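The values are calculated or read from the model by the stated rules, or taken from the named source; none is laboratory data. Since this is a predicted model, take the numbers as computed values, not measurements. With ideal geometry, Cβ positions are generated from the backbone for all residues, glycine too; neighbour counts draw on all protein chains shown. Side chains included, ligands, DNA and RNA excluded: accessible areas come from the protein's heavy atoms. Shrake-Rupley method; radii C 1.70, N 1.55, O 1.52, S 1.80 Å.
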Amino acid sequence: MKILLTGDDGYDSIGIQLLINLLKKDHQLTIVATKEQQSGTGGGVSLQEKTWGETEVNGIKAFWVDGKPAEAMEFAQGYFGSNSFDLIISGLNWGENIGYVINSSGTFGAAFRGIATNIAPHALIISWVTQKADWYAKEKSNSDMSKLLIYPGGMIKQIIELCIEKNCWEKEFVNINLPFNPTDKIKITKLQKDITKYYKFPVEIDKEKHTYKYPEQDYINIDFSKADLEIDTNALMAGYISVTPIAIS
């Protein structure tokens, strides 16, 4: 298949390098992604003129865009044209992208823009639960490729092959989240509508300084004996790989 690799961690991120190692023998790969780390930028774009460049990452042709993840897909559509790829894969992202707040994710924003501009018929968004300190690091702390190829790499390859076999369940997107600890257990899930059932809310507001921040303890405690494991957040916290097919309409 002709696969476009992208994401929000940069065109030469460890996550993209891992996907290259997993897929280059069986598929034709091209990279179009941001020049720098752009986590949390969602689907944002600007109307300013952007610069781009062409290079290689581990022998794969790569294009970087000095902008946001969605803007990288605008470039890809302009450079390659519509229907130029069979599949978009955005990731591997350090840190989960779950529930209805995936719209704030640059990883999802790139995939969504790619589908919206008709670059490919399907997109996979792949994320791995890691320590928060690793999310914004260019060189991830756990970046030993030989270890990553075992997990999460081994399961990512299997899930990509499953998505291809199932034609992404006839949906435009498949949102995939892997727990930190190695597992081969998979749940087909739905998005969590109420994200306060996963992340701790409300934000901490200082009315004197006019500042706010997220709570130190990010996650709530879930009683898995009562949790619906068909919901992506619950499945992930219970140690399953969450695979969520998503349709635009």
Under a 10 Å cutoff between Cα atoms, tell me which one of Ser225, Ser127, Ser82 has the largest fluctuation in the Gaussian network model of the chain. Ser225
When the Cα centres of segment 76-112 and segment 17-64 are compared, how far apart do they sit, in Å? 11
At 1.4 Å probe size, put Trp94, Trp169 in order of accessible surface, largest to smallest. Trp169, Trp94
Only Cα pairs within less than 10 Å get springs; with that Gaussian network setup on the chain, which residue of Tyr79, Tyr212, Tyr151 has the largest fluctuation? Tyr212
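Which translational diffusion coefficient, to the nearest whole µm²/s, is obtained for segment 29-86 from the Stokes-Einstein equation, given a Kirkwood hydrodynamic radius over C-alpha pairs, 10 °C and 1.306 mPa s?
Numbers: Rh = 11.9 Å.
Reported coefficient: 134 µm²/s.
I need the shape label for segment 56-205. Rule: rounded when a/c is under 1.5, else prolate if a/b > b/c, else oblate, with a, b, c from the alpha carbon gyration tensor. Write out the running numbers ahead of the final one.
On the way: a/c = 1.31, a/b = 1.24, b/c = 1.06.
Rounded, because the longest to shortest axis ratio a/c is under 1.5.
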Accessible-area value, Ser39, 1.4 Å probe, nucleic acids and ligands omitted, Å²: 30
Sorting Lys147, Lys157 on solvent-accessible surface, 1.4 Å probe, most exposed first, gives Lys147, Lys157
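If you roll a 1.4 Å probe over the chain with all protein chains in place, what percent of the accessible area is carbon or sulfur? Don't skip to the end; give the middle numbers.
On the way: 6010 of 12250 Å².
Carbon plus sulfur share of accessible area: 49 percent.
Given a 1.4 Å probe and heavy atoms of the protein chains only, how would you sort Leu18, Leu47, Leu191, largest accessible area at the top?
Details: Leu18 0, Leu47 180, Leu191 35 Å².
The ordering from most to least exposed comes out as Leu47, Leu191, Leu18.
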Counting only the heavy atoms of the protein chains, how much of Thr233 is accessible to a 1.4 Å probe, in Å² to the nearest 10? 0
Rounded to the nearest 0.05, what FRET efficiency is calculated for Phe201 and Ser82 with R0 set to 51 Å and r the Cβ-Cβ distance? 0.80
Cα-Cα separations in segment 1-70 greater than 21 Å, expressed as whole percent: 23
